[in-house]
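Asker: One structure coming up, written as structure tokens, with questions to follow.
The values are calculated or read from the model by the stated rules, or taken from the named source; none is laboratory data. In this text, all values refer to a predicted model and were calculated from it rather than measured experimentally. Glycine gets a Cβ as well: all are built from the backbone with ideal geometry, and neighbour counts include every protein chain shown. We work out accessible area using only protein heavy atoms, side chains counted, and drop any ligands, DNA or RNA first. Shrake-Rupley method; radii C 1.70, N 1.55, O 1.52, S 1.80 Å.
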Amino acid sequence: MLTDDFKPTPYWWEGLPPPSAEPAEPPARADVAVIGGGFTGLSAALTLARAGRQTVVFDADAIGHGASSRNAGAVTRMLHTGFAHMAERMSRAQFGALTKEAADAFETVRDLIERERIPCDWRMSGRFLAAASRAHAHNLRVEMDFMQNFSGVQCRWLDAADQGQEYGTRNGAGGVVVDGTAVLHPGKLVHNMAARVVMADAVLAPSCRVLSVARERDGFKLTHALGKTKVRDVVVATNGYADGLVPHFRRRVLPVQATMMATEPVSPELLKRAIPNGRMVIDSRRAWRYLRPSPDGTRLLFGSLSGYRDNDMPRMARRLHAEMADSLPDFAGVKISHCWGGMLGLSFDRIPHVGVHDGMHYALAMNGTGVPVGTHLGRKIALRLLGSPEGRTAYDDLPFPTRPTYNGNPWFVPWIARWWRFRDRFDP
Ligand SMILES: Cc1cc2nc3c(=O)[nH]c(=O)nc-3n(C[C@H](O)[C@H](O)[C@H](O)COP(=O)(O)OP(=O)(O)OC[C@H]3O[C@@H](n4cnc5c(N)ncnc54)[C@H](O)[C@@H]3O)c2cc1C
């Protein structure tokens, strides 16, 4: 089931590992410290450095080593929470503003890629949202109306009998074809964003975990793996990799593992049977299954939400392989060349959050949409720090919920993920 040269690392790192993990000496003083070197932190750093602010990006590991070089590369115009679910919980005006800004985030990434001339295999693929059961099909139809009205995308419904036009699964119940969304190579994007940040004269400090942040009269003192740095402002962009640095955030962002794998190269015919139009496919299971062709069109990339942290990648690959074979029996004999995991950051309300806590700016809880939303909110934080009115977002001032008994230890996440999988199996 695994190729002889199987690698327990992201396919995206092939020929392009995340930028060097060599420790760089962070300066003793700077204007802004950005904690977390993924899309969110790099986007903030790029905007700040271009405006002349001395900026240092700290990452506990290599820059881009977190979810930003491990995801599926889908660039959506929506949030991951259901529209209907969101609309029930808020006023129509607020709902409209949040959904509009999720769509704007798509444009932020597209603009960034065009403006900075970032080669990252951008393709306007569209997506197919596949109903995993008849009950899910009913819910997806409701979602489709919201999408058309609020996200600026063209959608159409495909019945189960026609589903093979988009997704060659054996157990589908129809789904929505969505135009106007894209896929890209996340490894190339994060790699090139880091390069642009350096060109803008910011300092990257990989392998330099920030251990504490102390508030002082005129700013903050950071203690990190290589010493101390004094800054005027701090941006926290640690999403699903948040450690105990700021307990307030740890109690609000649930780290949930998602896993992906790449198959060995397969024939174009086989790939075309699975995803005839090369779209990003996401099914409606609670434990999400998602798949797409590799940018060079030779492999299938397949993933799901595993929930538990398991570093035994051959074992994870076997589990994912079983899911792939369940969805796409034609792939049962195809071997796996890469399997990797990454941490999503989910909030309890499934909405991204941006704001200021104890004087520190943050953009957290990307809820599986960080390629556009992290890039967008990172830029917004920077604009806010620069005093620009463009720094305002519809996500400002939303209460960032936790649970009274949740102390930041997500011991229950694997159990919830198991429960989701159990329910997914028996949905009508
Ligand atoms: C398998 C998988 C598939 C996904 N698919 C998609 C998709 O198709 N489309 C999409 O939009 N999103 C997707 N996502 C989610 C997306 O990858 C994330 O939302 C996004 O990368 C978050 O970016 P970020 O910069 O906020 O955080 P990250 O990229 O996770 O970066 C956070 C960084 O903070 C660092 N850090 C943490 N604590 C400290 C500290 N104390 N000091 C210094 N550094 C610290 C970590 O080392 C880490 O590098 C997926 C995620 C996974 C795991």
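Asker: In the set Pro23, Pro8, which member is in contact with a strand residue (DSSP E or B) (Cβ under 9 Å, 6 or more places away or on another chain), open to solvent by 10 Å² or more (accessible area, probe 1.4 Å) and modelled with pLDDT under 90?
Answerer: Numbers: Pro8 fails: modelled with pLDDT under 90.
The conditions single out Pro23.
Asker: Let me ask something else. Do you know which residues across segment 218-271 are basic (Lys, Arg) and within 29 Å of Arg403 (Cα to Cα)?
Answerer: Just the residues of segment 218-271 that are basic (Lys, Arg), to begin with: 221, 228, 230, 232, 250-252.
The answer is Arg250, Arg251, Arg252.
Asker: Scan the strands (runs of 3 or more DSSP E) fully inside segment 85-203 and keep the ones with 3 or more residues being surrounded by 19 or more Cβ atoms within 10 Å (Cβ to Cβ).
Answerer: Values: elements: 127-130, 155-158, 175-178.
The strands (runs of 3 or more DSSP E) meeting that bar are 127-130, 175-178.
Asker: Does Leu398 satisfy the condition of being surrounded by 15 or more Cβ atoms within 10 Å (Cβ to Cβ) and touching a helix residue (DSSP H, G or I) at 6+ places or on another chain (Cβ under 7 Å)?
Answerer: Numbers: surrounded by 15 or more Cβ atoms within 10 Å (Cβ to Cβ): yes; touching a helix residue (DSSP H, G or I) at 6+ places or on another chain (Cβ under 7 Å): no.
Considered against the rule, which asks whether it is surrounded by 15 or more Cβ atoms within 10 Å (Cβ to Cβ) and touching a helix residue (DSSP H, G or I) at 6+ places or on another chain (Cβ under 7 Å), Leu398 comes out as no.
Asker: Looking only at segment 68-83, how many residues end up being among the aliphatic types (A, V, I, L, M) and either open to solvent by less than 10 Å² (accessible area, probe 1.4 Å) or more than 6 Å from the ligand (Cβ to nearest atom) (or both)?
Answerer: Residues flagged as among the aliphatic types (A, V, I, L, M) and either open to solvent by less than 10 Å² (accessible area, probe 1.4 Å) or more than 6 Å from the ligand (Cβ to nearest atom) (or both) within segment 68-83 amount to 3.
Asker: State whether one or more residues within segment 101-112 are without any contact (Cβ under 8 Å) to a residue 24 or more places away in the chain and out of contact with any helix residue (DSSP H, G or I) (no Cβ under 9 Å at 6 or more places or on another chain). Working first, answer last.
Answerer: Taking segment 101-112 first, the residues without any contact (Cβ under 8 Å) to a residue 24 or more places away in the chain are 107, 111.
Checking which are out of contact with any helix residue (DSSP H, G or I) (no Cβ under 9 Å at 6 or more places or on another chain) leaves us with 111.
Scanning segment 101-112 turns up at least one residue that is without any contact (Cβ under 8 Å) to a residue 24 or more places away in the chain and out of contact with any helix residue (DSSP H, G or I) (no Cβ under 9 Å at 6 or more places or on another chain).
Asker: Another question about this same structure. Determine whether segment 325-348 contains at least one residue that is farther than 30 Å from Arg215 by Cβ, in a helix (DSSP H, G or I) and either β-branched (Val, Ile, Thr) or under 22 Å from the mean Cα position of the chain (by Cα) (or both). Step through it out loud before you land on a result.
Answerer: First, pick out the residues of segment 325-348 that are farther than 30 Å from Arg215 by Cβ: 325-342.
Next, only the ones that are in a helix (DSSP H, G or I) stay: 325-327, 329-331.
Those left that are additionally either β-branched (Val, Ile, Thr) or under 22 Å from the mean Cα position of the chain (by Cα) (or both): none.
Looking through segment 325-348, none of the residues is farther than 30 Å from Arg215 by Cβ, in a helix (DSSP H, G or I) and either β-branched (Val, Ile, Thr) or under 22 Å from the mean Cα position of the chain (by Cα) (or both).
Asker: Looking at Asp424, Asp358 in this structure, which one is among the acidic types (Asp, Glu) and within 16 Å of the ligand (Cβ to nearest atom)? Don't jump to the end; show me each part of the working.
Answerer: Details: Asp424 fails: within 16 Å of the ligand (Cβ to nearest atom).
Testing whether each residue is among the acidic types (Asp, Glu) and within 16 Å of the ligand (Cβ to nearest atom) leaves just Asp358.
Asker: Also: Those residues that are open to solvent by 40 Å² or more (accessible area, probe 1.4 Å), farther than 16 Å from Met124 by Cβ and at pLDDT 95 or above, I need them from segment 268-290; list them, please.
Answerer: Correct list: Pro268, Glu269, Lys272, Arg273.
Asker: For residues in segment 370-417 being at pLDDT below 95 and part of a helix (DSSP H, G or I), which is nearest to Leu46 (Cα to Cα)?
Answerer: Result: Val413.
Asker: A follow-up question, please. Among the residues of segment 153-202, how many are more than 27 Å from Ala105 (Cβ to Cβ) and among the aliphatic types (A, V, I, L, M)? Outline the logic, then answer.
Answerer: Initial filter on segment 153-202 (more than 27 Å from Ala105 (Cβ to Cβ)): 159-165, 168-174.
Filter once more, so that each one left must be among the aliphatic types (A, V, I, L, M): 160-161, 173.
So the count comes out to 3.
Asker: Check segment 291-303 and report whether any residue there is under 17 Å from the mean Cα position of the chain (by Cα), part of a loop (DSSP other than H, G, I, E, B) and either at pLDDT 95 or above or surrounded by fewer than 23 Cβ atoms within 10 Å (Cβ to Cβ) (or both). Even if it seems obvious, please write down each step before you answer.
Answerer: Step one: list which residues in segment 291-303 are under 17 Å from the mean Cα position of the chain (by Cα), which gives 291-292, 301-303.
Within this subset, residues satisfying the condition of being part of a loop (DSSP other than H, G, I, E, B) are none.
There is no residue in segment 291-303 that is under 17 Å from the mean Cα position of the chain (by Cα), part of a loop (DSSP other than H, G, I, E, B) and either at pLDDT 95 or above or surrounded by fewer than 23 Cβ atoms within 10 Å (Cβ to Cβ) (or both).
Asker: Taking segment 253-290 as the search range and keeping residues that are small (Gly, Ala, Ser) and in a strand (DSSP E or B), which one is farthest from His353 (Cα to Cα)?
Answerer: Step one: list which residues in segment 253-290 are small (Gly, Ala, Ser), which gives 258, 262, 267, 274, 278, 284, 287.
Subsequent filtering for residues that are in a strand (DSSP E or B) retains 258, 262.
Numbers: Ala258: 20, Ala262: 31 Å.
Step by step, filter segment 253-290, then rank; the result is Ala262.
Asker: So for segment 59-66 (the condition being open to solvent by 20 Å² or more (accessible area, probe 1.4 Å) and more than 9 Å from the ligand (Cβ to nearest atom)), does at least one residue qualify?
Answerer: No: zero hits.
Asker: Any chance you could count how many residues in segment 204-228 are part of a loop (DSSP other than H, G, I, E, B) and not polar (S, T, N, Q)? Step through it out loud before you land on a result.
Answerer: Going residue by residue through segment 204-228, those that are part of a loop (DSSP other than H, G, I, E, B) are 206-209, 217-218, 225-226.
Then keep just the ones that are not polar (S, T, N, Q); that gives 206, 208-209, 217-218, 225-226.
Counting residues in segment 204-228 that are part of a loop (DSSP other than H, G, I, E, B) and not polar (S, T, N, Q) gives 7.
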